[in-house]
Amino acid sequence: MLTQTDRSQSARSLPAPVHDLSNRLGVEQTSWVNADGELWLLNFCGTFGGMIDRHGGHFFAMDAFGRYIGDFTSLRTAQEQLVRRVARDRAAA
């Protein structure tokens with residue numbers, strides 16, 4: 001059982017949004033959360049859209065179903081490509 005102190009410490013340690021690409025890519029309600037310094041999670045219109053996992057100097061993007069999107073040399077490029085792919089897939093559905 002968590003004490004009030006434990007809850008306060010947990011709340012402070014929650015990851016903060018990395019940045020929002022919504023306006024630039026024309027996708028509403030899209031944001032990123034850095035889960036542990038090496039893993040970024042995509043919130044796409046209120047649902048899990050995918051993730052980016054950093055290995056060394058590379059950023060591997062996967063959609064919500066674990067499908068490989070690509071290997072990128074920058075976090076920003078990986079994020080942009082994942083958002084574009086998820087937006088395209090959702091529009092086609």
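What follows draws every value from the coordinates through simple rules; no lab data is involved. Only a predicted model underlies this, so the values are computations on that prediction, with no experimental measurement involved. In this analysis, Cβ positions are derived from the backbone assuming ideal geometry, glycine residues included, and neighbour counts consider all displayed protein chains.
Would you order V33, V86 from fewest to most other beta-carbon atoms within 10 Å of each residue's own beta-carbon?
Numbers: V33 15, V86 23.
Sorted ascending by nearby Cβ count, the order is V33, V86.
How far, in nm, would the chain grow between S31 and R76 when pulled straight, counting 0.36 nm per residue and subtracting the alpha carbon separation?
Values: separation 45, 0.36 × 45 = 16.20 nm, distance 1.24 nm.
Roughly 15.0 nm would be gained on extension.
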